[in-house]
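The values are calculated or read from the model by the stated rules, or taken from the named source; none is laboratory data. The structure displayed is predicted, hence computed values, not measured ones. Heads up, the Cβs are rebuilt from the backbone with ideal geometry, glycines too, and the neighbour counts pull from every protein chain shown. For accessibility, only protein heavy atoms count, side chains too; no ligands or nucleic acids. Shrake-Rupley method; radii C 1.70, N 1.55, O 1.52, S 1.80 Å.
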Amino acid sequence: MTPPEPTASPADFSLLILGGTSEAYQLAADLHGRADTGLRVISSLAGRTAQPRLPAGESRVGGFGGVAGLTAYLRAEHIDAVIDATHPFAGQMRWNAADACAAAGVPLLRLERPAWRAAPGDHWLEIDNWDEAVAHLAASAPATRRVLLALGRQELAPFAPLDHCHFVIRSVDAPDPQPPFAHAELVLARGPFSLADERELLLSHAIDTIICKNSGGGATDAKLAAARELGVRVLMRRRPPQPDSPRVASVAAAMQWVAARAGK
């Protein structure tokens, strides 16, 4: 593979943020204010939404081409460090980042928000994959009738055969194509969502079950508080395995890590 041509001359210290999360946007914004110190910050977005919100500073959109492509990019752009601030369920990117950074000899930090934990009054069933969720919905018929799928738009297909359920699909962008659900409606929305908004959504659609991923963070946790208030069941997908990389849980800690390595 031919390495990509560098897009800028090497800075004193170049940082690549693998982003897309609210933490990644905040980190890019905080570091962008330090550009005059010789710190170059590049944010990379997967480009899975039609009109992604661009972070502060320099950015790129799209994949790298696997481990080999990311390794070549790190070398061509003279990247001194990488912060993986992708979504907790961006499983393949996590492993690619770990392998590419090891190959290029670039230090890697994982910035990951803490996972949600069930609180008193919650009715959670934790699952490892969507097949488990489908099996539970099938076994709980006819008690389970109206289900909020808060998964995004790319993982809906396993639920389409369940014709006894009415699905409310919440997504930033419309599925294209949408799986052939017998009964479904689409709610296009981007978080963060307030508790009042989530309570209204669950009540107005008579939701009895929520299916979601354990994304953590505050942008979408209001649905869990609303579910607790209303006695709505939650099928919560556990986070996938991840590489054994150093990690922090806050933007402030990530900033300290960058400062220590950049000498800023």
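A few notes on this one:
- Cross-chain or 6+ apart pairs with Cβ under 7 Å, the stretch 133-144 first and touching a residue at least 12 places away in the same chain (Cβ under 8 Å), then assigned to a helix (DSSP H, G or I) and of a type in the set (F, W, Y): V134/F159
- If you go through the stretch 124-160 and keep only what is small (G, A, S), assigned to a helix (DSSP H, G or I) and more than 18 Å from N214 (Cβ to Cβ), you end up with A135, A138, A139, A157.
- Residue check for A119: touching a helix residue (DSSP H, G or I) at 6+ places or on another chain (Cβ under 8 Å), open to solvent by less than 30 Å² (accessible area, probe 1.4 Å) and either of a type in the set (G, A, S) or in a loop (DSSP other than H, G, I, E, B) (or both): no
- Residue match in the stretch 128-135 (condition: of a type in the set (S, T, N, Q), within 24 Å of Q242 (Cβ to Cβ) and open to solvent by 40 Å² or more (accessible area, probe 1.4 Å)): yes
- Residue tally, condition buried (at least 16 other Cβ atoms within 10 Å of the Cβ) and under 23 Å from M255 (Cβ atoms), over the stretch 71-99: 17
- Residue among G20, G65 that alone is at positive phi, buried (at least 17 other Cβ atoms within 10 Å of the Cβ) and at pLDDT below 95: G20
- Residue within the stretch 180-191 that is out of contact with any Lys or Arg (no Cβ under 7 Å at 6 or more places or on another chain), over 26 Å from P120 (Cβ atoms), touching a residue at least 24 places away in the same chain (Cβ under 8 Å) and not hydrophobic (A, V, I, L, M, F, W, C) present: no
- Flag for D163 being of a type in the set (D, E, K, R) and either in a loop (DSSP other than H, G, I, E, B) or touching a Cys at 6+ places or on another chain (Cβ under 8 Å) (or both): yes
- Within the stretch 220-248, being within 16 Å of V82 (Cα to Cα) and open to solvent by 60 Å² or more (accessible area, probe 1.4 Å) holds for D244, P246, R247.
- For R40: the one exception among (1) in contact with a strand residue (DSSP E or B) (Cβ under 7 Å, 6 or more places away or on another chain); (2) under 26 Å from P240 (Cα atoms); (3) open to solvent by less than 40 Å² (accessible area, probe 1.4 Å): (2)
- Selection status of T209, within 28 Å of D163 (Cβ to Cβ) and under 21 Å from the mean Cα position of the chain (by Cα): no
- Test: residue in the stretch 210-219 that is open to solvent by 40 Å² or more (accessible area, probe 1.4 Å) and among the charged types (D, E, K, R): no
- Members of the stretch 76-114 that are modelled with pLDDT under 95 and among the aliphatic types (A, V, I, L, M): A90, M93
- Flag if D173 is in contact (Cβ under 8 Å) with a residue 40 or more places away in the chain and either assigned to a loop (DSSP other than H, G, I, E, B) or open to solvent by less than 40 Å² (accessible area, probe 1.4 Å) (or both): yes
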